[in-house]
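The block underneath contains the structure these notes are about, expressed in structure tokens.
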Amino acid sequence: MSKPMPISGFPEWTPPQRMIEQYVLGRIRDTFELYGFAPLETRAVEPLDQLLRKGETSKEVYVLRRLQEDPGGPAGDDALGLHFDLTVPFARYVLENAGKLQFPFRRYQIQKVWRGERPQEGRYREFVQADIDIVDRDTLPAHYEAEMPLVIGDALRALPIPPVRIQVNNRKICEGFYRGVGLTDPEAALRAVDKLDKIGPEKVAALLAETAGASEAQAKACLALAEISAEDASFADAVRGLGVTDPLLDEGLDELVRVVETAAAHTPGLCVADLRIARGLDYYTGTVYETQMLGYERFGSICSGGRYDNLASAGTTRFPGVGISIGVTRLLGLLFGADELSVSRSVPTCVLVALPAEEQRPECNRIADALRRRGIACEVSPSAAKFGKQIRYAERRGIPYVWFPGAEGNPDEVKDIRSGEQAVAEPDHWAPPADDLRPVVS
């Protein structure tokens, strides 16, 4: 068999990296639950017509099919795709289960998703997202849009990562402004402006003319709007200073002012109103969010989302919502690549129970069982080698303590192999310092 080769875009973390990931996911989960979000998991596949009905995503969807056709198998298998985000499957779940849910429904979802894009640093084809969404029946108050940055700010601040800044905008501002300057296809204008950071203002102006029918003056006005940015409500005055009026524009300004002011009261500097943020997916209708890690801005957003009014609807009943998603694998991949995250040991094990002789393994197992019952992770030495070799085994794996069973009636002893300190101990009473009980991520 030839040596297997890694598949680009499908990361497989080492055990220490996986422990860091589990720690990060645990802290995120804790914060989500502090805000009252309940856990949910949806299936990995969705019908293609559902995946493709909103936004420019057809090039990114992985199709699910059998290697060999099964005429007697379930119908429709050839029309399934792996979900590329967690918002579309969540909207489908709400529609299917609306009669069982209590609204407003607050859920968090931490799962893998698959996206067929070109792999590069911080971008993968298989990755973990951590989502929160709030949906309601028929109407969703705008104050929920102001709550999203608070949750994400607290979740990310609880992690050993660089500070973050959440950039916010409101699609109503953009759409109202574009209508106010006379553009008849605001969605095309939004998609063009969304490419501003990638292709620059000159090419965006050309794209506005080509796809949205903008004149030179209209394109110039759209770019002027996109240049407005502020950490406080002054952005609203700057927008009004451009001299464009529209009822939808006014509504969007009021909603975004509330988001920025709520975030500033919670954590000064957390949010900045940045009117170039558009978000490419068509289903967003209100506030949109993008989050950058300071020092890693060139890699783009690690957390994004927005308000959607029409993604989940059945007949005359709508389920508007607002959500935001942390790209956990993206965030970790960037920090792993920069050696910015570490863990104090490569295994969960806190104590290695030394094995004096193979016939004493049952006794050593009993010691290990007693420690585990008290929540202390431990393992018995793999072989009855010389104690020096067993200690070196623990050192290589970062295990801080070695337990020596007493011989000929002598008491057990435990040794901190970092300091060399050794003391008498009993497995039913001894405990390590709290910092040593579990691996520490930093």
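The values are calculated or read from the model by the stated rules, or taken from the named source; none is laboratory data. This one's a predicted model, so the numbers in the text were calculated from it and none came from an experiment. Note that we place each Cβ from the backbone using ideal geometry, even for glycine, and neighbour counts take in every protein chain shown. Keep in mind that these areas ignore ligands, DNA and RNA; they rest on the heavy atoms of the full protein, side chains included. Shrake-Rupley method; radii C 1.70, N 1.55, O 1.52, S 1.80 Å.
Odds and ends about this structure:
- Per principal axis, descending, Cα span of the stretch 1-140 in whole Å: 55, 45, 29
- Distance between modelled label sites at VAL63 and THR184, nm, 7 Å Cα→Cβ extension: 3.6
- Of interest is the spacing of the C-alpha centroids, which for the stretch 254-284 and the stretch 116-177 amounts to 10 Å.
- For the chain, share of DSSP beta bridges that run antiparallel, in % to the nearest 5: 85
- The alpha carbon centroids of the stretch 7-51 and the stretch 287-344 are separated by 12 Å.
- Principal-axis analysis of the Cα atoms of the chain puts helix 196-212 at an angle of about 30° to the longest axis.
- Considering only PHE127, PHE404, PHE90, the mean-square fluctuation computed in a Gaussian network model of the chain, springs between alpha carbons under 10 angstrom, is largest for PHE404.
- Value of Rg to Rh for the stretch 158-300 (Rh from inverse mean 1/r over Cα pairs, i.e. Kirkwood): 0.97
- Where THR285, THR42, THR184 fall by accessible area, highest first, once all protein chains stay in place (1.4 Å): THR184, THR285, THR42
- Largest-first ordering by accessible area, 1.4 Å probe, given options HIS429, HIS266: HIS429, HIS266
- Nearest-0.05 FRET efficiency for ALA38 and ALA314, computed from C-beta distance (R0 25 Å): 0.70
- With a 1.4 Å probe rolled over the protein heavy atoms of all chains, the accessible area of ILE20, ILE199 falls in the order ILE199, ILE20, largest first.
- In Å², nearest 10: area of SER383 left accessible to a 1.4 Å probe: 60
- Extreme residue, positive dipole direction of the chain, given options SER2, TYR93, VAL272 (C-beta unit charges): SER2
- Working from Cα pairs under 8 Å separated by at least six residues, relative contact order for the stretch 231-360 is 14 percent.
- Value of relative contact order over the chain, rounded to a whole percent, pairs C-alpha under 8 Å and six or more apart: 16
- A simple charge model with +1 on the Cβ of Lys and Arg, -1 on the Cβ of Asp and Glu and nothing else charged puts the dipole of the chain at about 900 debye relative to its Cα centre.
- Taking all protein chains together and rolling a 1.4 Å probe, PHE387 ends up with roughly 90 Å² accessible.
- Overall Cα dimensions of the stretch 98-189 - principal axes, largest extent first, Å: 46, 40, 29
- The stretch 142-289 - charge dipole about Cα centre, Lys and Arg +1 at Cβ, Asp and Glu -1, debye rounded to 20: 360
- Considered as an equivalent ellipsoid built on the Cα gyration tensor, the chain has semi-axes of 51, 25, 21 Å, the largest given first.
- log10 of Debye I(q)/I(0), alpha-carbon scatterers only, for the stretch 284-377 at 0.25 Å⁻¹: -1.19
- Its relative contact order, with pairs defined as Cα atoms under 8 Å and 6+ residues apart, puts the stretch 154-296 at 45 percent.
- Farthest positive-ward along the stretch 283-442 dipole, Cα basis, beta-carbon charges - from PRO405, CYS378, VAL322: VAL322
- MET5 - accessible surface, heavy atoms, 1.4 Å probe, Å² rounded to 10: 150
- Of TYR23, TYR308, TYR393, the one that fluctuates the most in a GNM where the chain has Cα springs shorter than 10 Å: TYR393
- FRET efficiency, GLU358 to ARG29 (Cβ-Cβ, R0 56 Å, nearest 0.05): 0.85
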